[in-house]
Amino acid sequence: MKVIEQPWSVPIAVEDIPGTGEHVDLEAPEDVRNALAKVGGLRSLYRLVATFDLEKQGRSVHVKGEVNASVGQTCVVTLEPIENEINESIDLLFAPGAADTRGIAEGRAVRSADDGPEPLVGGIVDLGALTTEFLLLGIDPYPRKSGAQFAPPKSEQSGSHPFAALEVLKKKRSARGKS
């Protein structure tokens, strides 16, 4: 199994979050944006910023925020370069021991919002990893230039498609049935 190295890490220790909460603004440096563009299959990643408000709730941490990015992609129809904006809201609760072992025992590897809080591992919330995750979730997998329409290629030989012979037989049967 190949382990993918995390391109951006901004760890925040739960014990360092003040009782009044903490506001964090992040802006990805160019080398991080370049690495994330490769991971996300983007032509480029012009801007990646995130804002977070962290609030301790006992041993848990409530993280609310937003990830905003400007990405360069390629239109799936015209193959022209296009730019898209990504705006993803975040509202998560991290709690120690929140791993869904019940789901793993049942053969389920995917967590959903109904599964409860996200696992808080080692008393750390990694805002860089969280920003990366929501950036990747926000990327349009089929970017399309405004107004671009897919039109199948025109066939040079009219009637020469894989089912042309069946179409002729169908017409002959229909004509016989009407006589």
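The values are calculated or read from the model by the stated rules, or taken from the named source; none is laboratory data. This structure is a prediction, so every number in the text was calculated from the model and none was measured. Glycine also receives a Cβ, built like all others from the backbone with ideal geometry; neighbour counts cover every protein chain displayed. We work out accessible area using only protein heavy atoms, side chains counted, and drop any ligands, DNA or RNA first. Shrake-Rupley method; radii C 1.70, N 1.55, O 1.52, S 1.80 Å.
Given the conditions (1) modelled with pLDDT under 95; (2) open to solvent by 30 Å² or more (accessible area, probe 1.4 Å), which single one is not true for S60?
(2)
To keep it simple, each residue is scored yes or no on (1) of a type outside the set (S, T, N, Q); (2) within 20 Å of A35 (Cα to Cα); (3) modelled with pLDDT under 95.
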residue	(1), (2), (3)
L79	yes, no, yes
S89	no, no, no
F134	yes, yes, no
Y142	yes, no, yes
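Which of the residues spanning the stretch 1-47 are open to solvent by 100 Å² or more (accessible area, probe 1.4 Å) and part of a strand (DSSP E or B)? Spell out how you get there, then give the answer.
Filtering the stretch 1-47 for residues open to solvent by 100 Å² or more (accessible area, probe 1.4 Å) gives 1-5, 15-16, 20, 23, 25, 27, 30-31, 38, 43, 46.
The answer is H23, D25, E27, Y46.
For the stretch 67-82, which positions are in a strand (DSSP E or B) and open to solvent by less than 70 Å² (accessible area, probe 1.4 Å)? Before you say what the answer is, go through the steps one by one.
Let us first name the residues in the stretch 67-82 that are in a strand (DSSP E or B), namely 67-74, 81-82.
Within the stretch 67-82, V67, N68, A69, S70, V71, G72, Q73, T74, I82 meet the criteria.
Test L169 against the criterion of being assigned to a helix (DSSP H, G or I), under 23 Å from V76 (Cβ atoms) and either modelled with pLDDT of 75 or more or touching a Lys or Arg at 6+ places or on another chain (Cβ under 7 Å) (or both), and give yes or no.
In short, no.
Could you please let me know if A98 is at pLDDT below 95, touching a Gly at 6+ places or on another chain (Cβ under 8 Å) and not in a helix (DSSP H, G or I)? Steps first, please.
Working: at pLDDT below 95: yes; touching a Gly at 6+ places or on another chain (Cβ under 8 Å): yes; not in a helix (DSSP H, G or I): yes.
For A98, the condition - at pLDDT below 95, touching a Gly at 6+ places or on another chain (Cβ under 8 Å) and not in a helix (DSSP H, G or I) - is met.
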